[in-house]
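Here's the structure, in structure tokens; my notes come after.
Rule-based calculations on the coordinates, nothing more; no lab input. Bear in mind that the values here come from a model prediction, so they are computed numbers and not experimental data.
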Ligand code: FES
């Protein structure tokens, strides 16, 4: 029956009207909720996915960090270099600081150690007198090659993969 809705509506235009658990179209035909897509769900899902997705996203980083010209590091003496990296994890942005000891063994032979103690992650320092990396937390000690010589550290200092291109030393950094 057509008299139920305003007659100025152009023919062929189907006006949808809410009535209880379903809808009436322009011709007054009942359309139950089963036959009508729930617009709230259709519109809401992508919006929710948009809101949630960044918080689940972790940006992994796999990169080479240049540390400087190899010739500038003294042979036989560990040199500390530090750098920072910004990291985005979902909504969170953080800045991480890194330290690395460069041990140049000869003109073109080099090893780069992380300065993070392998016991509980304190930062080690090079002690020239003792010729050792010393951890201030529990007196863990490592020799110049990173090997444990005293204390609780369970393994040698971690060494970075290195490369030298055009005289510049870089280390491979893998962040999760
Ligand atoms: S954290 Fe370095 S010895 Fe414990």
* Determine the principal axes of the Cα atoms in segment 134-176, then give the extent along each, sorted from largest to smallest and rounded to whole angstroms. => 39, 26, 16
* Asked: Taking the inverse of the average 1/r across all pairs of different Cα atoms in segment 61-175, what Kirkwood radius in Å do you get?
  -> 14.9
* DSSP-defined antiparallel bridges as percent of all bridges, segment 61-175, nearest 5 -> 95
